[in-house]
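This report refers to the structure that appears directly beneath it.
The values are calculated or read from the model by the stated rules, or taken from the named source; none is laboratory data. Remember, predicted model here, so these are calculated numbers, not experimental data. Positions of Cβ are backbone-derived with ideal geometry, glycine not excepted, and every protein chain shown enters the neighbour counts. To get the accessible areas, we keep the full protein, side chains included, count just its heavy atoms, and leave off ligands, DNA and RNA. Shrake-Rupley method; radii C 1.70, N 1.55, O 1.52, S 1.80 Å.
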Amino acid sequence: GNLGNSIKGVFVGILFFVGSFPLLWQVEGCVNLGEVAKTSKVAAAERPDPALDGQLISVTQKLEAREPLGDPRYLKPGPYVSLARHAEMYAWVEEKHERTEKQTGGGSTTTTTYTYEKKWAAHPKRGSEFKHPQGHDNPEPREQSESFVVREATVGAYAFAPADTEGGFLGAGLPSGERLNLTEGDLAFAAEETANAGFVRPRLMENHVFLGTGTPSSPNLGDTRIWFVALATGRMVTLFGKQSGGRVESWMHEGETKFFRAVA
């Protein structure tokens, strides 16, 4: 058995060796956006220069939002450009363990075991998906993670649509956000939920919006905790993209690679 595994390993190694060439070609062929950024024309933040229209520019100034942003279910609108809701449920989590033992005379035996423990999980599985579902049923999640971004933001005198940028925070080309320190005054709950007779009012506990009968440090099965990461306005950034009047839009490098982002 061990000899057979060794022979299989040789063939797998050959396949990986051959397959590495197209991968290296693809990686080496990727555009270095740092080098592209160096070719940008530095624009004055106070007033767009008509002579730069249609060119790749970089403009540095504070990042601002044209409107407040919040979570329509839990958080009042505030001075944010991007906002991410992180929801986790206290649920059964399955862990797979494998142990391989060599046998006398050659060969080996692999033993697989499964253990179950209640933990906070962002993507809890249904009990039916477990190897041993009996006694490990998870309720349906009460909430999901979700992200939000303002429709329009500005850097100096230039407007742009954050959702159209690429790469970075929340999948958009924006700087990373920071976790919010929540207060009671920050919270707001959807009217249709508060009118529901079966609704358990969310509570602010240990810097989480908490849904359930326990607490974040001593939860019960099915309890949900929610926390937020936000990119606040006022952050100094450099915006890269194509100037189009008083706006910055997506720049296509050599007609193939999109370059449109704000970096801190």
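A few remarks follow.
- Only residues that are of a type in the set (Asp, Glu) and open to solvent by 60 Å² or more (accessible area, probe 1.4 Å) were counted across segment 74-122, and they come to 4.
- Residues in segment 241-259 that are touching a Phe, Trp or Tyr at 6+ places or on another chain (Cβ under 6 Å) and open to solvent by less than 30 Å² (accessible area, probe 1.4 Å): 241, 248, 259.
- Pair list, Cβ under 7 Å, 6 or more apart: segment 106-124 residue in contact (Cβ under 8 Å) with a residue 60 or more places away in the chain, other residue of a type in the set (Gly, Ala, Ser) and surrounded by 14 or more Cβ atoms within 10 Å (Cβ to Cβ): 118/91
- Listed by position, the strands (runs of 3 or more DSSP E) inside segment 50-152 whose residues that are of a type in the set (A, V, I, L, M) number at least 2 are 56-65, 80-102.
- Tabulated pairs, segment 171-195, first surrounded by fewer than 13 Cβ atoms within 10 Å (Cβ to Cβ), second modelled with pLDDT under 90, C-beta under 9 angstrom, 6+ apart or interchain: 176/168; 176/169; 176/264; 194/201
- Among the residues making up segment 43-65, a single one is closer than 23 Å to residue 177 by Cα and either free of Cβ contacts under 8 Å to residues at least 24 places away in the same chain or basic (Lys, Arg) (or both): 62.
- Identity of the residue in segment 125-148, of a type in the set (Ser, Thr, Tyr) and touching a residue at least 12 places away in the same chain (Cβ under 8 Å), that ends up surrounded by the most Cβ atoms within 10 Å (Cβ to Cβ): 147
- Per-region count, segment 218-253, residues in contact (Cβ under 8 Å) with a residue 24 or more places away in the chain and either among the basic types (Lys, Arg) or outside any strand (DSSP E or B) (or both): 14
- Residue selected from segment 37-76 under the condition closer than 19 Å to residue 254 by Cβ and among the hydroxyl-bearing types (Ser, Thr, Tyr), by the criterion modelled with the lowest pLDDT: 39
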